[in-house]
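Scroll down for the structure; my scribbles are underneath it.
The values are calculated or read from the model by the stated rules, or taken from the named source; none is laboratory data. Keep in mind that this is a model prediction, so the values were computed, not measured. We place every Cβ from the backbone using ideal geometry, glycine too, and count neighbours over all the protein chains shown.
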Amino acid sequence: MSNGTAARPDLRQSERFLSLYTPPKIDGDFTGKHIISVEQFDRRDLQILFDATASIRKRIRQHDRGLLALTAGRLMATLFYEASTRTDLSFQAAMRHLGGEVVAASNGVQFSSIYKGENLADTVRAVGCYADVIVLRHPEVGSSYEAAYYLDLLRQQVMRQPVVISGGDGVGEHPTQALLDMFTIFDMKGRIDGLDITMVGDLRHGRTVHSLAKLIAIYGAQDTTLNFVAPQELSMPANILSFLEGRGLTVNQTDNLYDVLGHTDVIYWTRVQEERFEDPASYEAIKDRFIMTPPVLAQAKPDAILMHPLPRKHEMGTAADHDALDADPRTVYFRQMENGMLVRMALLAKVLGGLWV
Amino acid sequence: MSNGTAARPDLRQSERFLSLYTPPKIDGDFTGKHIISVEQFDRRDLQILFDATASIRKRIRQHDRGLLALTAGRLMATLFYEASTRTDLSFQAAMRHLGGEVVAASNGVQFSSIYKGENLADTVRAVGCYADVIVLRHPEVGSSYEAAYYLDLLRQQVMRQPVVISGGDGVGEHPTQALLDMFTIFDMKGRIDGLDITMVGDLRHGRTVHSLAKLIAIYGAQDTTLNFVAPQELSMPANILSFLEGRGLTVNQTDNLYDVLGHTDVIYWTRVQEERFEDPASYEAIKDRFIMTPPVLAQAKPDAILMHPLPRKHEMGTAADHDALDADPRTVYFRQMENGMLVRMALLAKVLGGLWV
Amino acid sequence: MSNGTAARPDLRQSERFLSLYTPPKIDGDFTGKHIISVEQFDRRDLQILFDATASIRKRIRQHDRGLLALTAGRLMATLFYEASTRTDLSFQAAMRHLGGEVVAASNGVQFSSIYKGENLADTVRAVGCYADVIVLRHPEVGSSYEAAYYLDLLRQQVMRQPVVISGGDGVGEHPTQALLDMFTIFDMKGRIDGLDITMVGDLRHGRTVHSLAKLIAIYGAQDTTLNFVAPQELSMPANILSFLEGRGLTVNQTDNLYDVLGHTDVIYWTRVQEERFEDPASYEAIKDRFIMTPPVLAQAKPDAILMHPLPRKHEMGTAADHDALDADPRTVYFRQMENGMLVRMALLAKVLGGLWV
């Protein structure tokens, strides 16, 4: 235990803030609320957010400059303790398209605060003295809860009320990814109720699929089936399964994609990493079921959609496979990207209390 | 002397620009002036700046969008040769809140110009071809003087008049830190005259306390007492002491905090680093006087204020100590952060010649 | 061949996109076109662009806020896979001065996509889901062609039409550098026709001189002489020479600057690197002809101009030499910097379809 926490009692552990801090329920009003967990939302909140997203998309396509008034004069700071170009640029673009301003550490956070040994609680409050909203990406579970906790304390000391929006914390949650994924399903299929949805890959460690599955349950989807396709050792964790239980969903677990591929409406593909397997032979035995290629997609329904959070690597085969898949109208992962910016625009506008979105 | 300057006669030494270049006095007019030393200011200049800062704060709290016109169309570039998240974000946020624009090297300066071996004189002029104001953070003493020198030369070659504002150069000056600290004292105590002000920690190497002490002297504070609390080997340098001499200040030096804690109005806390001591035993002997904890603060006056430039580490004890101190209304370090942005807004608006601030 | 491309058939090679993708001709209309090669331009296009640049310069000097409307509501993303502070800041400043917005990966691209192993095709499309224009700097030849190819595919999947502008790809092209260089010649000498233009240094590896020479040929300059001064082993490549052939230019090659210095109108100086020579003695023998110092410049015509793409190192002598050269009115490299921003403003405004520039 030489470098355990017992030996460094002065270090805060972000994870304990998961129990110390309860994220505020949205309950129809986003204004001034930290966004750190999918559990803050209910069906109505999701409907409000997705309606706003659709409206913003329409206005963006019309080049409606009125959008530029929605967060004018408001400042977003990005604090990325680990790199994520997509999430980072998506949030920045969202804020810019609403007329708001963005600041980010010029040299990246990793060269500054961490280098000087400052803890997250102080860094977040220092930035909260300048910014109206902080987008936090951090490798530790619970870090966005810790940020929310200390920003609430800060409100008593300075005349500002900054909020934090999670851009992903460790193997914990990544709420805006789940929101954009769910919006994409809505947008492509027109509904969540009654769909057959399949998640494939490393479901044990995949933050993305955990949050999306929970969000579908939170929405209270009716007659919806969730198929979890994973190797035995990488199957969906028990705590997620118990969260889903008794919420009107049908859950199937299998390690064979072909059990469900022919009748599923939504395929959500993620990566299985060879390194996760103790026995290379067991990876060899199943890997073909976890690499999406044009012949695999050929067996899906003509109106299915293929989703992926990106970045993708070998789980979608070779560069030639990528090109072939991209040409198939059922692949929607670049739409997911676009929707990511739009959902974040809706969220920022609502949280910062724009007059309307 | 194999790698000394004699062996590389082609390298400019930033430090020699301290004698080559004389920073312009403000003398009531900030427009178009480089800001690189506290010695440019006099009492009236400080009063003008602090009045503008207070006015800007009032307007920000009223969400006055008129602020967005003050530097509209003007461009700030940040050139940070060493990381400083706080200073960096504070300047960026200040410029944004005034409606101005900001550019920064996407990958950090350290990956580009230095990598390619370009000297500061050329980099600063290249950036001066795009920007109206350059915020420079550099590890070498005199670097902001060198920047000012070459930007003045540039004015003869291009149709622009860019200015540099120092964001700290090496162990030299950090003028905007001193300005925000002094504004905070004014703001919390209503005056500088007649105060008992205590600076604690490594006063030998602390750029922050050097600049603040000089600025208090420059202000011409009357009946003000400066207490310097430091271990013998880390006491305030002779050149600072001689600067303060004969300017109407009372100066006390001690290595025992408790000599002054009970009657001081302002406590400015900084870090003492164990590594500075040749003999570990001598650090052990004094360290308790240089760690601020709730029991220490309990011995201060009820209306004292506790300042710190942040980031803080073990000089404010454990994480639990941090939390307890933060809950004490006498701690004002997050207000210092907020004031940092406000003072920089006032400075940018005045230097860039906004119609009014 | 263990790590050759044969062993990794899934990797795209950017270079093959040089033949796969044909950049669109400008043909009088810049709107929505990728800018990745000087070969897209003809004489009329250059005239249009340079007229717009001159007009923008005039308006910037008048502080004409109308410029801020030209790209308002449009978003530029910078994707720099290698550092280039100048190009990066110049593009950012250009977009800002037109009222547009800029996003850049906060931690630099090298810490994110590459780290996660994503290929350029996917990264560029992901960013294209947010941005209207992507400025790409990449170490591989053909990378901007690859980006253009995949962005065209993306247009079929999302409701956006993002364009790429090359910020330099490897030893390939750097079109905006050539444009700013040519504009500078126009601006200082009033014409290209009839000039005697000398390029000096490593002409074999110098991307900058390749692009500029081609652009002068493309312009169809009449009675113009190009002198290429380089050591034998670093002379202008055959493919560039053949491109220039039969386009009305007179081409001279020499390794002796003094053959041409006395009668040249434009001197374009670049670096010769000692490391390029197999035999150190052959570098020693010629190096004095490839270091520009005040005594060398003294032998040039009184109305000649001395250009350099910057950054400069020892090819312009010591720091004292730099200072002396900079004081000579014939040196125009900082004007080149300024023009770089102005040409990029004209280009961005035209590509993004501003109502007018």
Quiz item: Got at least one residue in the stretch C:290-305 being crowded, with 20+ Cβ neighbours inside 10 Å, touching a residue at least 12 places away in the same chain (Cβ under 8 Å), in contact with a helix residue (DSSP H, G or I) (Cβ under 7 Å, 6 or more places away or on another chain) and over 22 Å from C:MET188 (Cα atoms)?
Solution: yes
Quiz item: (1) buried (at least 24 other Cβ atoms within 10 Å of the Cβ); (2) more than 11 Å from chain A (Cβ to nearest Cβ); (3) β-branched (Val, Ile, Thr): which one isn't true of C:THR123, the others all being true?
Solution: (2)
Exercise. Scan the stretch A:202-213 residue by residue and report those that are in contact with an Asp or Glu (Cβ under 7 Å, 6 or more places away or on another chain) and at pLDDT 95 or above.
Key: A:LEU212
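Would you call C:ARG160 away from chain A (no Cβ under 14 Å) and either charged (D, E, K, R) or over 15 Å from the mean Cα position of the chain (by Cα) (or both)?
On the way: away from chain A (no Cβ under 14 Å): no; either charged (D, E, K, R) or over 15 Å from the mean Cα position of the chain (by Cα) (or both): yes.
No, not satisfied.
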Practice problem: Scan the stretch C:83-96 and give yes if some residue there is more than 22 Å from the chain's Cα centre (by Cα), under 21 Å from A:GLU101 (Cβ atoms) and in the same structural domain as C:ASP27 (by TED's automatic domain parsing), otherwise no. | Solution: no
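Being at pLDDT below 95 and either in a loop (DSSP other than H, G, I, E, B) or more than 30 Å from C:LYS313 (Cβ to Cβ) (or both) is the filter here; which residues of the stretch B:1-30 pass it? First the steps, then the outcome.
As a first pass, look at the stretch B:1-30 and keep what is at pLDDT below 95: B:1-20.
Those that are at pLDDT below 95 and either in a loop (DSSP other than H, G, I, E, B) or more than 30 Å from C:LYS313 (Cβ to Cβ) (or both): B:MET1, B:SER2, B:ASN3, B:GLY4, B:ARG8, B:PRO9, B:ASP10, B:LEU11, B:ARG12, B:GLN13.
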Practice problem: Can you give me the number of residues within the stretch B:162-220 that are surrounded by fewer than 24 Cβ atoms within 10 Å (Cβ to Cβ), part of a loop (DSSP other than H, G, I, E, B) and acidic (Asp, Glu)? | Solution: 2
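Out of the residues in the stretch C:278-318 that are modelled with pLDDT under 95 and touching a Lys or Arg at 6+ places or on another chain (Cβ under 7 Å), state the one that is farthest from C:ARG86 (Cα to Cα).
Within the stretch C:278-318, the first condition is being modelled with pLDDT under 95, and the residues that meet it are C:278-291, C:309-318.
Keeping just the survivors that are touching a Lys or Arg at 6+ places or on another chain (Cβ under 7 Å) gives C:310-311, C:313, C:315.
On the way: C:LEU310: 9, C:PRO311: 9, C:LYS313: 15, C:GLU315: 19 Å.
Restricting to residues being modelled with pLDDT under 95 and touching a Lys or Arg at 6+ places or on another chain (Cβ under 7 Å), the top hit is C:GLU315.
Enumerate the helices (runs of 4 or more DSSP H) found wholly within the stretch B:265-357, keeping only those where 3 or more residues are within 14 Å of another protein chain (Cβ to nearest Cβ) and out of contact with any His (no Cβ under 9 Å at 6 or more places or on another chain).
B:319-326, B:333-351
Being more than 17 Å from A:GLY100 (Cα to Cα) and either buried (at least 24 other Cβ atoms within 10 Å of the Cβ) or not charged (D, E, K, R) (or both) is the requirement here; does B:ILE56 meet it? Lay out the reasoning, then the answer.
Numbers: more than 17 Å from A:GLY100 (Cα to Cα): yes; either buried (at least 24 other Cβ atoms within 10 Å of the Cβ) or not charged (D, E, K, R) (or both): yes.
Spelling it out, B:ILE56 is indeed more than 17 Å from A:GLY100 (Cα to Cα) and either buried (at least 24 other Cβ atoms within 10 Å of the Cβ) or not charged (D, E, K, R) (or both).
Condition (residue is out of contact with any Leu (no Cβ under 6 Å at 6 or more places or on another chain), part of a loop (DSSP other than H, G, I, E, B), crowded, with 19+ Cβ neighbours inside 10 Å and of a type in the set (Lys, Arg)) applied to the stretch A:241-248: is it met by at least one residue?
Narrowing the stretch A:241-248 to residues out of contact with any Leu (no Cβ under 6 Å at 6 or more places or on another chain): A:241-248.
Pick out the ones that are also part of a loop (DSSP other than H, G, I, E, B) and you get A:245-248.
Those still in the list that are crowded, with 19+ Cβ neighbours inside 10 Å too: none.
No, every residue in the stretch A:241-248 fails to be out of contact with any Leu (no Cβ under 6 Å at 6 or more places or on another chain), part of a loop (DSSP other than H, G, I, E, B), crowded, with 19+ Cβ neighbours inside 10 Å and of a type in the set (Lys, Arg).
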Exercise. Return yes or no: is A:GLY108 at the interface with chain C (Cβ under 10 Å from one of its Cβ atoms) and either modelled with pLDDT under 90 or over 21 Å from the mean Cα position of the chain (by Cα) (or both)?
Key: yes
Quiz prompt | Matching residues in the stretch A:54-89 - criterion: being more than 7 Å from every other protein chain (Cβ to nearest Cβ), of a type in the set (Val, Ile, Thr) and under 26 Å from A:GLU173 (Cβ atoms) | solution = A:ILE56, A:THR71, A:THR87
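Taking the stretch B:260-277, which residues are closer than 19 Å to B:GLU315 by Cα, touching a residue at least 24 places away in the same chain (Cβ under 8 Å) and not hydroxyl-bearing (Ser, Thr, Tyr)? Walk me through it before giving the result.
Kept after step one, since they are closer than 19 Å to B:GLU315 by Cα, are these residues of the stretch B:260-277: B:260-261, B:266-277.
Adding the requirement that they be touching a residue at least 24 places away in the same chain (Cβ under 8 Å) leaves B:260-261, B:266-273, B:276-277.
Hits for the stretch B:260-277 are B:VAL260, B:LEU261, B:VAL266, B:ILE267, B:TRP269, B:ARG271, B:VAL272, B:GLN273, B:ARG276, B:PHE277.
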Quiz item: Any idea how many residues of the stretch B:40-71 are within 30 Å of B:VAL141 (Cα to Cα) and at pLDDT 95 or above?
Solution: 13
Quiz prompt | Positions within the stretch C:80-92 being at pLDDT 90 or above and surrounded by 24 or more Cβ atoms within 10 Å (Cβ to Cβ), in sequence order | solution = C:LEU89, C:SER90, C:PHE91, C:GLN92
Exercise. Tell me which residues, restricted to the stretch B:274-308, are under 21 Å from B:ASP181 (Cβ atoms), of a type outside the set (A, V, I, L, M, F, W, C) and touching a Leu at 6+ places or on another chain (Cβ under 9 Å).
Key: B:LYS301
